[in-house]
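Read through the structure below, which is laid out as structure tokens, and then see the notes.
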Amino acid sequence: MSNVPFGVARLDSILGGGAPPGSVVLLSGESGAGAREFLYTSAAMNVLARADEDLFDLYYGDLEDSSEVPPEVHYVSFTSGEGAIERELGFTMADEIAAAATDGIHFADLSTPYFQLSPIPRDWYHGDPSTITDLGQRERHGDVLSELGEYLSAHATGNLVVIDSVTDLVSTISEEMGWNDIAMVMKGLKKAAHHWGGLILLLVNEDTLTDTERGILMDAASGTFRFTWETGGSQRARTMVVKEFRGVLSRLEEENIIRFETEIHEGGFDITDVRKIR
């Protein structure tokens, strides 16, 4: 089966076309180090490959022969709606990319089940209900993990799904939903993804996790990309390291690659240099 492109041209080229189908990849990063921008770029470029070939060719280039773009891209958010995400895409990359990508992305706003048990006023995250039917439907919403599972079961097969973010789930730990519940869902996700094919990206801000929690999430994923800041002299640089990733890490080890230097520009997340063992 063909690999699923991450949407970062140089990375896809080095990895032989992208991620093996059925992968769950954890994007774990320090604040502002590039994990979120990687998520946005992956979603946008996979949409552009089908929706706007000229833009795709301009900002990405040619796909590897071993790559196959997924039919659909799904963006799951627990705290933001489509409009907010479109603005964030515009902050990360060129407006033309953000506009074209937004038209092609399937958005899943899970803010209602996420916030419904919190003290947050309903109109902050859902607006005023327009009909009695709307009210009834909202009262029937299940918990956020169940709704996430149902959405993935319905839409993940063969597609790219980005989940923004595991950090939001961790912040809701309470009597109703504990860390063990989140960890179990992540482990189940890895098993299900093997049958779904496609690619699932999980975003998490590692500043919110303990070492144990981060280790559990990494173990539940097929692979982990870790995004960090490096300081040298008077400058800071964004870097990315590929952690455990069956079928992928071996390619990097063969080429002695230990770290990627990265940047954010109008084309989104990009790799500027590759550090190797000398």
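A few points about this structure:
- For the chain, the residue among Leu160, Val4, Ser23 whose Cα projects farthest onto the positive side of the dipole built from Cβ charges is Ser23.
- Amide N of segment 1-42 lying under 12 Å from the label point, which is placed 7 angstrom from the Cα of Ile271 along Cα→Cβ: 6-19
- Here the extension length gained between Ala183 and Met1 equals 62.6 nm, from 0.36 nm per residue of separation less the Cα-Cα distance.
- Stretching the chain fully between Glu150 and Arg87 yields a gain of 20.0 nm (0.36 nm per residue, less the alpha carbon separation).
- Legend: calculated FRET efficiency, Glu230 to Thr112, from the Cβ-Cβ distance at R0 = 41 Å, rounded to 0.05, equals 0.55.
- GluC sites (Glu not before Pro) within segment 157-231, DSSP loop, no more than 11 other Cβ atoms inside 10 Å: Glu175, Glu176
- Per-residue Cβ neighbour rank within 10 angstrom, fewest leading, Met186, Met45, Met177: Met177, Met186, Met45
- Spacing of the modelled spin labels on Lys190 and Ile173, each 7 Å from Cα toward Cβ, amounts to 1.9 nm.
- Taking a sphere under 15 Å around the Cβ of Ala221 and counting the other residues whose Cβ falls inside, with K and R at +1 and D and E at -1, yields a net charge of +3.
- DSSP bridge orientation in the chain - percent antiparallel, rounded to nearest 5: 45 percent
- Each Cα pair under 8 Å and six or more residues apart adds its separation to the average, and for segment 9-276 the resulting relative contact order is 31 percent.
- The chain - charge dipole about Cα centre, Lys and Arg +1 at Cβ, Asp and Glu -1, debye rounded to 20: 960 debye
- With helices as the sole contributors, the chain gives -12000 deg cm²/dmol at 222 nm; each DSSP H run of n ≥ 4 counts as -39500 (n - 2.57), and the sum is divided by every residue.
Computed from the coordinates by the stated procedures, all read-outs in this text should not be read as laboratory data. Quick caveat: nothing in here was measured; it's all calculated off a predicted structure. Counting neighbours? That spans all protein chains shown, and the Cβs are built from the backbone with ideal geometry, glycine included.
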